[in-house]
Amino acid sequence: MTTIDKPVSAAIIGLGWWGRKMVTLVNAGGADMKFVRGVDPSAEAAAFASEKGLKFSSDMAEALADPEIEAVVLATPHSLHREQIEQAVAAGKHVFCEKPLDLTKAGAEASVNLCRQAGLVLGMGHERRFEPPIAEILQAAADGRLGRLLQIESNFSHDKFLALDPSNWRLKADQAPAGGMTATGIHLTDLAVKLMGRPIDVRVACENLASAIPQGDTMSAHIRFENGGTAYVSATLSTPFISRFAVFGTNGWIEVRDKAHVEAPEGWVVTEGWKNQRITVREVEPAEPVRDNLRAFAHAVRGKSEYPISGEDMINNIALLEAIVRSAKTGALEKI
Ligand SMILES: NC(=O)c1ccc[n+]([C@@H]2O[C@H](COP(=O)([O-])OP(=O)(O)OC[C@H]3O[C@@H](n4cnc5c(N)ncnc54)[C@H](O)[C@@H]3O)[C@@H](O)[C@H]2O)c1
């Protein structure tokens, strides 16, 4: 096998909910990547790593010192991402970082620039871009088929965190601010900046309506863009799973509903309305967007293709997140 065809040898950093999902999925094949190491301070994670045949350490330094490791995948609490990216880049490893990249625009810029200057690929856990019907929307917008983009309406919610122990980092207002924003809403704002460009301001309502979650359980954001147009993004942590993304253009509109959480995809329902045509509804077969995102990252590491989520989109999204967090506190219109 030539080097270009060799699977990228990776370490997973953080073997919690999402890290385990990625190991199981990637090592089943089809990602052009293989996890050979795991890092996590917890003993429970050590048992999982051993079951999966991964070399294990409780500290990232050992994985970074391993010459076999070409890339690290960060599935750790948000507040650790920046420092772990710095360490990985210093060791010359490519980085795939779970969302959000950072909680501040300055931090996102620092990480994007660090990877760029070192000539290393930075991937992001925004697998929604790889859901087949969402990829169709992105293509239809890029081709101009939707016409001038006017509005986005979206909601991504679930109630999985209601069962977490209150000490969990997911339920800390400083680590996961603004209701469901860092859990789910951040995927929708990623799509919004990809489609609509640079955001200029945002107004948020964030309330605690049905839980004791300190950052609030129900938020919605109304975003305006430099080129005109708006996006409405909402996320609650107190309703059963729902994921709905709709984009409206002058030639037509498309609405995508996920049948299940991306943890175990069951396919999508797509409703479309095009100028002078009847509204149609169709079903799209299940796919594995999380694996397909990691494969795109692996291909970028091998230089086969450019990674599709640009550094500019990553920075725009985190600048928007930072303003959303401010507006969630003030209720005021916040400039970006
Ligand atoms: N893309 C998606 O759809 C998606 C879905 C779920 C979670 N995520 C993201 O994945 C990341 C992890 O979330 P999660 O739900 O798996 O959290 P989790 O709490 O279940 O897992 C985090 C793991 O990180 C470990 N950890 C803590 N400090 C560490 C350190 N210094 N080095 C190595 N490991 C350390 C913890 O022990 C834990 O096992 C977050 O950024 C989250 O937003 C993304």
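The values are calculated or read from the model by the stated rules, or taken from the named source; none is laboratory data. Owing to the predicted nature of the structure, the values given are computational and were not obtained by experimental measurement. Positions of Cβ are backbone-derived with ideal geometry, glycine not excepted, and every protein chain shown enters the neighbour counts. We work out accessible area using only protein heavy atoms, side chains counted, and drop any ligands, DNA or RNA first. Shrake-Rupley method; radii C 1.70, N 1.55, O 1.52, S 1.80 Å.
Odds and ends about this structure:
- Binning the C-alpha pair distances of the stretch 105-210 at 10 Å intervals from 0 yields a P(r) profile of 10, 34, 35, 18, 2 %, listed from the shortest bin outward.
- Taking the average, over residues, of other Cβ atoms within 10 Å as the packing measure, peptides 187-195, 238-246, 67-75 rank 187-195, 67-75, 238-246 from highest down.
- With a simple spin-label model that places each label point 7 Å from the Cα along the Cα-to-Cβ direction, the separation between residue 150 and residue 4 comes to 4.6 nm.
- The stretch 306-327-the stretch 71-124 distance, computed between alpha-carbon centres (Å): 13
- Under 5 Å, built H, 5+ apart or other chain: amide partners of residue 241: 159
- Residue-by-residue Karplus 3J(HN,Hα) for the stretch 60-65, coefficients 6.51, -1.76, 1.60, Hz, glycine and proline x: 5, 4, 5, 5, 5, 7
- Of all DSSP beta bridges in the chain, antiparallel share, percent nearest 5: 65
- Kirkwood radius for the stretch 228-292, taken over all pairs of different Cα atoms as the inverse mean of 1/r, rounds to 13.6 Å.
- Computed with a 1.4 Å probe on the full set of protein chains, the accessible area for residue 21 sits at about 30 Å².
- Measure of compaction for the chain (Cα Rg per 2.2 N^0.38 Å): 0.97
- Computed log₁₀ I(q)/I(0) - Debye formula, equal Cα scatterers, no solvent, the stretch 3-126, q 0.14 Å⁻¹: -0.54
- The chain, accessible surface, carbon-and-sulfur percent (1.4 angstrom probe): 51
- Charge tally around residue 58: other residues with Cβ under 13 Å, Lys/Arg +1 each, Asp/Glu -1 each, net -2.
- The distance from the alpha carbon centre of the stretch 1-35 to that of the stretch 190-254 is 31 Å, rounded to a whole number.
- Karplus 3J(HN,Hα) series, Hz, for the stretch 195-212 with 6.51 cos²θ - 1.76 cosθ + 1.60 (x for Gly, Pro): 7, 9, x, 6, x, 10, 7, 8, 10, 10, 10, 9, 10, 10, 9, 8, 7, 9
- Fraction of alpha-carbon pairs over 26 Å apart in the stretch 195-336 - percent: 43
- For the chain, the solvent-accessible area with a 1.4 angstrom probe is 42 square angstrom per residue.
- Within the chain, helix-based [θ] at 222 nm, where runs of 4 or more DSSP H residues each add -39,500 (n - 2.57), nearest 500: -9500 deg cm²/dmol
- In the elastic network of the chain, a GNM with C-alpha springs shorter than 10 Å, the most mobile of 129, 37, 302 is 302.
- Amide H within-cut-off set for residue 260, under 5 Å, with H built and near neighbours excluded: 266, 267
- Once the gyration tensor of the Cα atoms in the stretch 89-154 is diagonalised, the equivalent ellipsoid follows with semi-axes of 30, 14, 12 Å, ordered largest first.
- Signed unit charges on C-beta, dipole axis of the chain, positive-most listed residue 199, 53, 156: 199
- Once the C-beta distance of residue 169 and residue 44 is scaled by a Förster radius of 22 Å, the resulting FRET efficiency is 0.90 to the nearest 0.05.
- Close amide H contacts of residue 200 (hydrogens built in the peptide plane, cut-off under 5 Å, sequence separation of 5 or more or a different chain): 224, 225, 226.
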